Amino acid sequence: MLEGHLPGGGDEPSRGGHHPFAKMSRPVQARRLEGVDKNIWVEFVKLATTYATVNLGQGFPDFPPPDFLREAFVRAVGGEDHMLHQYTRAFGHPPLVKILAQLFGKLLGQELDPLSNVMVTVGAYQALYCCFQALVDEGDEVIIIEPFFDCYEPMVKMAGGTPVFVPLRPVTPKAGQLMSSADWQLDPAELASKFGERTKAVVLNSPNNPLGKVFGRGELELIAELCVKHDALCISDEVYEWLVYDGKEHVRIASLPGMWDRTVSIGSAGKTFSVTGWKVGWTVGPPRLLQHLRTVHQNSVYHCATAAQEAVAQGFRRELERLGQADSYFTSLVRELQGKRDRLVQSLDAAGMKPIVPEGTYFLVADISAFASDVPDVPGSDEPYDSRFAKWMVKNKGLAAIPLSTFYSGPHKNEYSRFIRFCFAKEEATLKAANDILQKWKREKAGP
């Protein structure tokens, strides 16, 4: 009988559809996936779903988006224009790229062509992926400022690049003052030392997730000077660009001298309009860079949801008319979130967790050192302390947060492992429930 054939001469597969001799022995995983397969969000989202009474972990609002945007989406999917259910232009729905070009042209001081200076993506996440795949070659170095949004490192590696890390270092605040995200600063000499002949790009995230740091003009000018000196690109992740507090200014690095031609700026409708599930993002930049992003885009996702793009376009048209005014959603959302930030700062401070007051985003990092007795250290453990603390807290207190070590490279995870990150883009009832947990915890620690 021939090998692989069944009695009777047939070639039928075995029961269940599997050929009895068809088992593969060769490796199936591509080498570019080695070391990037683990994702902290999978584990912590599952923990939050299982144990959390209050979830201040993953970064999304639990309040509704603005009425005008929901109504725009309903019109898009329920109206008479049936073409909004079909494909639109692959690189961005024409009404959306047009309004984005108008808005960001005004903000950047550039005359933007909607068709060549703007590309719409499936969220800012895909915009980042397109940047790294299109612009980073094997052997290129990409400078990443720590702490960083955790996808930067694996995306650089998957493109064949080498991540080079430079930390923001905390400066002790004046006595009696809470630490601010502004107290976390780059060392200019240390930053300069990371640039070299293999440096292809630097990744900038301002306002920064997880710290909430808003990079000042002087800090951005230092980064810009080094990019120009070393002929490096800048991938500027600005998804929290509208969420800036206490009168701080968000400076767009692409607006600085010498930077427009070497910068891709990334934005997000999810963060801008509180619709993270819609997955509408964009890139803005010079055609010489965006043409390569379009090549990646057209050969991967190709296209983004038409109806969502139409609704976001209508939302931006409304906001452009009201920019800087009291009835602008951008203005009212900042006012609302700043109040939520302040309430969570007070709750954490009163409970003994020392908050780092964020200048932007909807995240807040807190020092958990005072709670070390609740979760004793485990000498020799490979798991950072803040990771074990966050797991213990969600299981025993019902409060979900994310360990700060998540946002550091492997060698540096234990250097900042006494902090956890909270999201305060939550309903008042959610923040009150979190406060109740914290104050009860404090009373329990104080004893009878």
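The values are calculated or read from the model by the stated rules, or taken from the named source; none is laboratory data. Since the model is a prediction, treat every value here as computed from it, not as a measurement. A quick note on method: Cβ atoms are made from the backbone with ideal geometry, for glycine too, and the neighbour counts reach across all protein chains shown. Side chains included, ligands, DNA and RNA excluded: accessible areas come from the protein's heavy atoms. Shrake-Rupley method; radii C 1.70, N 1.55, O 1.52, S 1.80 Å.
Can you return the aspartates and glutamates within cross-link range of residue 432? Criterion is Cα-Cα under 19 Å, with same-chain partners fewer than 8 residues away left out.
Straight-line reach from residue 432, under 19 Å: 62, 336, 342, 349, 444.
Where both partners of a DSSP beta bridge lie in the chain, what percent of those bridges are antiparallel, to the nearest 5? Don't skip to the answer; put the middle values down first.
Values: 21 of 43 bridges.
Percent antiparallel among DSSP bridges in the chain is about 50.
Just order 300-311, 39-50, 118-129, 321-332 by mean Cβ neighbour count inside 10 Å, highest at the front, would you?
On the way: 300-311: 20.4, 39-50: 14.5, 118-129: 23.7, 321-332: 12.9.
Top to bottom by mean Cβ count within 10 Å: 118-129, 300-311, 39-50, 321-332.
Going by the alpha-carbon gyration tensor, a ≥ b ≥ c the square roots of its eigenvalues, is segment 161-283 rounded (a/c under 1.5) or, if a/c is not under 1.5, prolate (a/b greater than b/c) versus oblate? Please list the in-between numbers first.
Details: a/c = 1.78, a/b = 1.05, b/c = 1.70.
Oblate is the answer for segment 161-283, as a/c is 1.5 or above yet b/c matches or exceeds a/b.
Output the relative contact order of the chain, whole-number percent, from Cα pairs under 8 angstrom with separation of 6+ residues. Spell out each step's value before the answer.
Numbers: 796 pairs, mean separation 97.9, N = 448.
Relative contact order here is 22 percent.
Under 1.5 on a/c is rounded, so check that first for segment 22-101, then, if it is not, pick prolate when a/b is larger than b/c and oblate when it is not; a ≥ b ≥ c are the square roots of the alpha carbon gyration tensor eigenvalues.
Numbers: a/c = 2.64, a/b = 1.40, b/c = 1.88.
Oblate.
Per residue, how many Å² of accessible area does segment 296-448 show with a 1.4 Å probe? Write down the numbers at each step before the final one.
Values: 6140 Å² over 153 residues.
For segment 296-448, the solvent-accessible area averages 40 Å² per residue.
Using helices alone, what [θ] at 222 nm do you get for the chain, with -39,500 (n - 2.57) per DSSP H run of 4 or more residues, divided over all residues and rounded to the nearest 500?
On the way: 13 runs with 167 residues, N = 448.
Theoretical 222 nm ellipticity from helices: -12000 deg cm²/dmol.
Which Cα, out of 376, 268, 425, lies furthest along the positive dipole direction of the chain (beta carbon charges, K/R +1, D/E -1)?
376
Where does each of 149, 316, 60 land when they are ordered by accessible area, with a 1.4 Å probe and the largest first?
So the residues, ranked largest to smallest area, are 60, 149, 316.
Ordered by residue, what ³J(HN,Hα) values in Hz, to whole numbers, does segment 321-335 give under the Karplus form 6.51 cos²θ - 1.76 cosθ + 1.60, where θ = phi - 60° and Gly and Pro are x?
Residue by residue, segment 321-335 yields 5, 10, 3, x, 8, 5, 8, 6, 4, 4, 6, 5, 5, 4, 4 Hz.
Can you work out ³J(HN,Hα) from phi for every residue in segment 119-133, in order, using Karplus 6.51 cos²θ - 1.76 cosθ + 1.60 and θ = phi - 60°, giving whole Hz and x for Gly and Pro?
With the stated coefficients, segment 119-133 comes to 9, 8, 10, 7, x, 5, 4, 5, 4, 4, 4, 4, 4, 5, 5 Hz.
For segment 320-367, give the percent of accessible area contributed by carbon and sulfur heavy atoms, probe 1.4 Å, rounded to a whole number.
Details: 830 of 1730 Å².
Exposed carbon and sulfur together represent 48 percent of the surface.
Going by average Cβ density within 10 Å per residue, which order do the peptides 231-243, 411-423 take, highest to lowest?
Taking the mean over residues of other Cβ atoms within 10 Å, the ranking is 231-243, 411-423.
Could you point to the label whose value was computed as volume of the Cα convex hull per residue in Å³ for the structure here, given (i) 210; (ii) 255; (iii) 137?
For volume of the Cα convex hull per residue in Å³, the calculated option is (i).
In whole Hz, with x marking every Gly and Pro, tabulate ³J(HN,Hα) for segment 85-97 from phi via Karplus 6.51 cos²θ - 1.76 cosθ + 1.60, θ = phi - 60°.
Once rounded to whole Hz, the list reads 9, 10, 4, 10, 4, 4, 9, x, 4, x, x, 6, 5.
Which of rounded, prolate, oblate describes segment 280-404, given a ≥ b ≥ c as roots of the alpha-carbon gyration tensor eigenvalues and a/c under 1.5 marking rounded, otherwise prolate only if a/b is larger than b/c? Intermediate values should be presented prior to the final figure.
On the way: a/c = 3.08, a/b = 1.62, b/c = 1.90.
It is oblate, given that a/c is not under 1.5 and a/b is not larger than b/c.
Mind scanning 46/354; 38/395; 354/445; 271/395 and naming the pairs with a C-alpha gap bigger than 18 Å? Spell out each step's value before the answer.
Working: 46/354 27 Å; 38/395 22 Å; 354/445 16 Å; 271/395 29 Å.
Those over the limit are 46/354; 38/395; 271/395.
Starting from the amide H of residue 165, placed 1.01 Å from N in the peptide plane, find each other amide H under 5 Å away whose residue is 5 or more places distant or on another chain.
The answer is 144.
Beta carbons within 10 angstrom, averaged per residue: use that to sort the peptides 337-349, 378-390, highest first. Don't skip to the answer; put the middle values down first.
Details: 337-349: 19.0, 378-390: 16.0.
Averaged packing, sorted descending, gives the order 337-349, 378-390.
Compute, for segment 123-228, the length of the dipole vector about the Cα centre, with Cβ point charges of +1 (Lys, Arg) and -1 (Asp, Glu) only. Units Debye, rounded to 20.
Working: 8 positive and 14 negative charges, 63 e Å.
Magnitude of the dipole: close to 300 debye.
Rounded to the nearest 20 Debye, what is the dipole magnitude of the chain about its Cα centre when Lys and Arg each give +1 and Asp and Glu each give -1 at the C-beta?
Numbers: 49 positive and 53 negative charges, 153 e Å.
The calculation lands at about 740 debye.
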